[in-house]
Amino acid sequence: MTIIYRLGTPLLAAGCLIMLARILSGGGVTDLLLESPSLQSFKILFISIILEAFPFILLGVLVSALLQVFVSDALIARLTPRNPIAGVLFGSLLGVLLPLCECGMIPVVRRLIRKGMPPYIGIVFIFAGPILNPVVFTSTYTAFRTQPSMAYSRMGLAFAVCVVLGLLLYKYMKKSPLREEKQAHMHVHNHDHPHSDKHHHAHNHRHDHEHHDHNHAHGHEHGHSHGSHNGSAVRRSWSGRLGSTLAHASDEFFDIGKYLILGAFITAFIQTILDRSMLTALSDQPGMENLFMMAFAFAVSLCSTSDAFVATSFNGIFGSGALLAFLVFGPMVDLKSTLMLLATFRTKVVLTIIAFIFAAVFIGSIIIQQFIMA
């Protein structure tokens, strides 16, 4: 991704030079380039994917920002069941109430696990939340409006994979999956400096007394004015939350938007440049089209609120099983989420989970194509 970002500026500059050359030449050679049939097909496909996905991305980031600001981690931790089966179902369906994008879900789950949520429930939520939520179902149903079974199959396969994953994690994961290097380093540092804690405690103790005395005196002097400022404090609190919501939404929108643009560009490029017969040849080999679409989903790292519109552009080229594999595997495992998972959880845990999800989605998509969508 770093290479792409580095190339962004020179590519933009090249585009500006082409436009300038077209203006100065009054058309001519640049008309042949810009108005070629292949380029026209590319532009139509690229713009159509962007425009269809835009409303759902906007809705998704807004809901995600509202939850980030108004729903506390402590509330979720209190609602988490302790029974393993109920816990797995809770983690799988939590996305119905908290439709967060996968980009912001991993930091939230890390906080929840450190606050006491069982790790297997948090991990299930990471992989189920990006798919099993109303925003994604609506976008999928809209994209495949002539094939609504795709939306239901996407939800069903994702739910089955996540439930089995959660039960396996509950049975076989015996220790915390989080990386603990930072905590271990802090423990060693404190052990090497045993007197620092006493000094810090004494300093804080004195500071607390001084702060208490100051607040006590301040309260006697200004207690009569507290009531008059309550209304303005509440208004500031709500305005602050609204500002935080808009800030979170804008940050996540631009973060997700670049992946949508990249994915739409690659999709349009593949379907414009590659011969259609090369893609259809994959569909003649059982399982190859599923593997291709899963690898494509991993590479482009699309947001789950927009990937259905990319998948539907391959409708007619690949079968329903390959499109289903793309729609389920991509939101669960892609390039950017894998890097975030490796930074948060132990490498062995991440690789084992990815291997299971890959096998389960691959087998499940073939079974659904053969027996349900046939």
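The values are calculated or read from the model by the stated rules, or taken from the named source; none is laboratory data. What you are looking at is a predicted structure, and each value in this text was computed from that prediction instead of being measured. Ideal geometry is used to build each Cβ from the backbone, glycine not excepted, and the neighbour counts take in all protein chains shown. Surface areas here come from the heavy atoms of the whole protein model, side chains and all, with no ligands, DNA or RNA. Shrake-Rupley method; radii C 1.70, N 1.55, O 1.52, S 1.80 Å.
Mind ranking Arg78, Arg346, Arg154, Arg114 by accessible surface for me, highest first, 1.4 Å probe?
Arg78, Arg114, Arg346, Arg154
Taking 0.36 nm per residue of separation and subtracting the Cα-Cα distance, what length does fully extending Val164 through Met288 add?
Length gained, Val164 through Met288: 42.2 nm.
Please work out how much accessible surface Phe159 shows to a 1.4 Å probe, ignoring ligands, DNA and RNA, in Å² rounded to 10.
Roll a 1.4 Å probe over it and Phe159 shows about 70 Å².
If Ser139, Ser239 are ordered by their accessible area, calculated over protein heavy atoms with a 1.4 Å probe, which sequence runs from highest to lowest?
Ser239, Ser139
Label-point separation (nm) for Ala295 and Ile372, each offset 7 Å from Cα along Cα-to-Cβ?
The answer from the label model is 2.6 nm.
How much accessible area per residue does segment 280-366 have, in Å², with a 1.4 Å probe?
Each residue of segment 280-366 exposes 31 Å² on average to a 1.4 Å probe.
When the accessible area of segment 88-182 is split by element with a 1.4 Å probe, what percent falls to carbon and sulfur?
67
Per residue, how much accessible area does segment 44-146 show when a 1.4 Å probe rolls over the protein heavy atoms, in square angstrom?
41
Label Leu39 and Leu66 with points 7 Å out from Cα along Cα→Cβ: what is the distance between them in nm?
Result for the modelled spin labels: 4.4 nm.
Round to a whole number: what % of the accessible area of segment 294-350 belongs to carbon and sulfur, probe 1.4 Å?
In segment 294-350, the share of accessible area belonging to carbon and sulfur is 71 percent.
Report the accessible area of Tyr172, computed with a 1.4 Å probe over the heavy atoms of all protein chains in place, in Å² rounded to the nearest 10.
The accessible area comes out at roughly 150 Å².
Which sequence of Asp284, Asp73, Asp334 reflects their accessible areas, 1.4 Å probe, from the largest down?
Most to least solvent-accessible, the answer reads Asp284, Asp73, Asp334.
Using a Förster distance of 22 Å, how high is the FRET efficiency between Tyr172 and Thr347, based on the Cβ-Cβ distance and rounded to 0.05?
E between Tyr172 and Thr347, to the nearest 0.05, is 0.85.
Would you mind pulling out the separation of the Cα centroids of segment 73-142 and segment 297-317, in Å?
Using only Cα atoms to place each centre, the spacing works out to 23 Å.
Suppose each label sits 7 Å from its Cα in the direction of the beta carbon; what would the Ala86-Leu58 distance come out to in nanometres?
4.1
Per 0.36 nm of contour for each residue apart, how much would the distance between Leu79 and Ala355 grow if the chain were fully extended, relative to their Cα-Cα spacing?
96.3 nm
Are any of the pairs Lys171/Lys336; Lys258/Lys336; Lys115/Lys174; Lys43/Lys336; Lys171/Lys348 more than 21 Å apart by Cα-Cα distance, and if so, which?
Check vs 21 Å cut-off fails for Lys171/Lys336; Lys43/Lys336.
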